[in-house]
Every structure is written in structure tokens, then in C-alpha cells.
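The values are calculated or read from the model by the stated rules, or taken from the named source; none is laboratory data. Quantities reported herein were computed from a predicted structural model and do not represent experimental measurements. Glycine gets a Cβ as well: all are built from the backbone with ideal geometry, and neighbour counts include every protein chain shown. Note: areas computed on protein heavy atoms with side chains; ligands, DNA, RNA excluded. Shrake-Rupley method; radii C 1.70, N 1.55, O 1.52, S 1.80 Å.
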Amino acid sequence: MAFLDLFIVNKSGGLIHHRSLSEKAPQIGTNEWLRIGSTFHSLHAIAAEASPVRGKIDDGIELIESEGLVLCCFQTRTGIKFVLTAEPGTGYLQKVLKEIYVAYTDCALKDPFYELEMPIRCELFTQAVNDVMSRFGNR
Amino acid sequence: MVVHSINIFDKKGKILFTKAYSPVAIKQERYLLESGTAEPGSDPVTEQKKLIFGMLFSLRELVGNLTPEHSNKSLQSIQTASATVHTYETLSGLRFALYTSNDVPTCKFSERTAAGAADTPMLTSSSTTAGGGGTSSALDSTTAFGRDALVHIYSNIWVECVVRSPMYVGNSGDALVECIKSTSFEKELDSYISSLSWFQ
């Protein structure tokens, strides 16, 4: 049961972080990642628009299940989307996303040199995500 | 557990059949029609249905890019805070989309049922089987699965009523829409959906 990829999209749809969490994840080039980030951002909003039931204002995709993949998205109040993909049957996706969000606030937001909405390049954040992964038993 | 609506698209995105079941969905359609649109020749309800098709099309590509190789890439369900859409695509490109409330699992080993069984100790079933509605916890023949319902609708109702109809002219186009209206597809579909244990 493995997590595959993590990516973070800012509120304008630009990709600010992406990383592969396992060798089973497909090889995706940087440009492709950027495209995936912005496509997901738009589809997140379209899903709420297409639904026959209107939810809250910033409603959007929370979970996508497919036969080979599970994708979970956590949107913060400020519009940042944390997206995690994993093999089907992996549990605790929501919990892991919340932990990664805590790591983001601790490592990226409290870094005085980090600019908001810009790509995250903090070694501490990478390390914190590694810790979350090892805690949740990623093989 | 509510079924909101069902939509069927052909492989080019044309809306073959659409029906709203729940009062909320019907109210939304009426609201969209009344609010009107500036462009002639397109109504907001059709636009919204086309949006569903576009979303399913793009999401399938997105998920295909993210799925590891050698895995099946077919979409099963997409969940937002307000509703879940269960999808089923046939080999011929026919797409079914069923909107339900969020407590309907997609299929037997769906992620949400595994998470649900782990989080709520009231469901006495093991973590690999799905609980039924709120009251029954054993897996029985009336357990609700959105995608399995769609597979049943395709193989038992669509194929029987539409494909085997003498008016059937191929799986896309306006003639097909007319053909569907002339069969008892809608009636059979309504009775099937009402008979599901989770319909309201």
C-alpha cells in the first residue's frame, strides 16, 4: 500500500511543489507536472460547478477513485490545494494530507525567506514530508 | 442516501439521456432554466451536462497520467463535498454518470468504504468488506454500490431495451436519442433505480 505522488497547487493554479513518494510512481517530467497542476486546479472547480447540488463556495474535488489510483485533495482556506495520489486500498489519505499541511505551515510559511505562492524549496519541508511518510509506513 | 441524477453520453460527448431524480437536482435544473442565458440556441441545463462530460474526459486523461504503468486506468468515482459522481465507461465509448449523495460507496473495495470501516467502529464488518446503509452492517445483496448499479444499468437495461430495439442505429447521433425515447428504457431505468435500497 503505497503513496505515489504529492503535489501542491497555489490559489492561481500554479504548481508550487511536486515530488514522487515511491518508485512505483510514473516518471513525469517537470513540464508535464506543471500541466497536471493547472489542469487539476481547473477541474477541481469545474467538478463543483457540474454537480447538481451546490455546496459551499470553495467546493471542489475531494477524492477521485479509479481502478489503479486514488487521489485525495485537501484545500486550505487560502486556496492552496494539497494533492496526494496513492494505490487503491491505502488508508489515512486525509490524515496524511493534514500532517503535510502542518509541515507546510511549520517549514515553509514560517521561513522568513519563503514568498507566498512561490515554489517551495525548503529542505526542512522535504525532511518533514519524509518523516510523515515513514510514520505512515510507506514502503 | 440520495440519487440526484443520471446522465448518459456517447463517445463524442453528445447527451443521450439525462434525468434528475432528487428534488434538489430538479430544483437546480428549474433554476438554471429560469435564470436564462444570453446566447440563443443553448440552454444552461445542456451546458451543465456538457460540463460533466468535459470534466470526465479531462479527468480520465489526468488520472491516466498519474497512474502507475500496468494498472487499469478507468475512473470509478469523483467526490466533492456536496455530491459524488460514479462513472462507468463501456468499451464502445458510452459513458454513464450517476450523481448521488456522499454516503454511497462506489464498489466493493472502494477507498471510502475502507476508510469508513476504519473510522467508524459501529460498522461491524471487516475493513475489506463494505457496510450497507446506516442500519445494516452485513454485506448482502441489497448493499448499495454506485458503480455496480451503473454496470447493471448498462448490461441489463441499456443493452436489453436500446441496443436490442429494432430502431437502434448505431451508438451515437440524434437518431439514437430518438430511438431511446421510443423504447421503454426510461421506464425500466426508473423502476430499477427506485428499487435500489438506497434510493429516496
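Some points to look at:
- Restricting attention to the range B:11-40, the residues being among the aliphatic types (A, V, I, L, M) and modelled with pLDDT under 85 number 3.
- Tally of residues being more than 19 Å from the chain's Cα centre (by Cα), open to solvent by 50 Å² or more (accessible area, probe 1.4 Å) and hydrophobic (A, V, I, L, M, F, W, C) across the range B:164-200: 3
- Any pair with Cβ under 9 angstrom, 6 or more apart, that starts in the range B:59-73 at a residue that is touching a residue at least 24 places away in the same chain (Cβ under 8 Å) and ends at one that is among the polar types (S, T, N, Q): B:Arg60/A:Ser66; B:Arg60/B:Ser74; B:Arg60/B:Thr87
- Looking across B:Phe17, B:Phe53, one residue alone is open to solvent by 10 Å² or more (accessible area, probe 1.4 Å) and part of a helix (DSSP H, G or I). It is B:Phe53.
- Scanning the range A:54-96 for residues that are assigned to a strand (DSSP E or B) and of a type in the set (D, E, K, R) yields A:Glu62, A:Glu65, A:Lys81.
- Residue match in the range B:130-149 (condition: open to solvent by less than 10 Å² (accessible area, probe 1.4 Å), at pLDDT below 80, among the small types (Gly, Ala, Ser) and touching a strand residue (DSSP E or B) at 6+ places or on another chain (Cβ under 8 Å)): no
- Among the candidates B:Thr80, B:Thr84, the residue that is open to solvent by less than 20 Å² (accessible area, probe 1.4 Å), touching a strand residue (DSSP E or B) at 6+ places or on another chain (Cβ under 8 Å), facing another protein chain (nearest Cβ under 7 Å) and of a type in the set (Val, Ile, Thr) is uniquely B:Thr80.
- Members of the range A:33-42 that are open to solvent by 10 Å² or more (accessible area, probe 1.4 Å) and within 7 Å of chain B (Cβ to nearest Cβ): A:Thr39
- Qualifying residue in the range A:97-111 (condition: on the phi < 0 side of the Ramachandran plot, among the β-branched types (Val, Ile, Thr) and in a loop (DSSP other than H, G, I, E, B)): no
- Residues in the range A:66-90 that are facing chain B (nearest Cβ under 9 Å), touching a helix residue (DSSP H, G or I) at 6+ places or on another chain (Cβ under 6 Å) and over 12 Å from B:Thr67 (Cβ atoms): A:Cys72 only.
- The set of residues in the range B:96-111 that are under 14 Å from B:Ile78 (Cα atoms) and either more than 7 Å from chain A (Cβ to nearest Cβ) or at pLDDT 70 or above (or both) comprises B:Phe96, B:Ala97, B:Leu98, B:Tyr99, B:Thr100, B:Ser101, B:Asn102, B:Asp103, B:Val104, B:Pro105, B:Thr106, B:Cys107.
- Lone unmet requirement of (1) in contact with a Phe, Trp or Tyr (Cβ under 8 Å, 6 or more places away or on another chain); (2) open to solvent by less than 40 Å² (accessible area, probe 1.4 Å); (3) farther than 19 Å from A:Arg19 by Cα for A:Cys73: (3)
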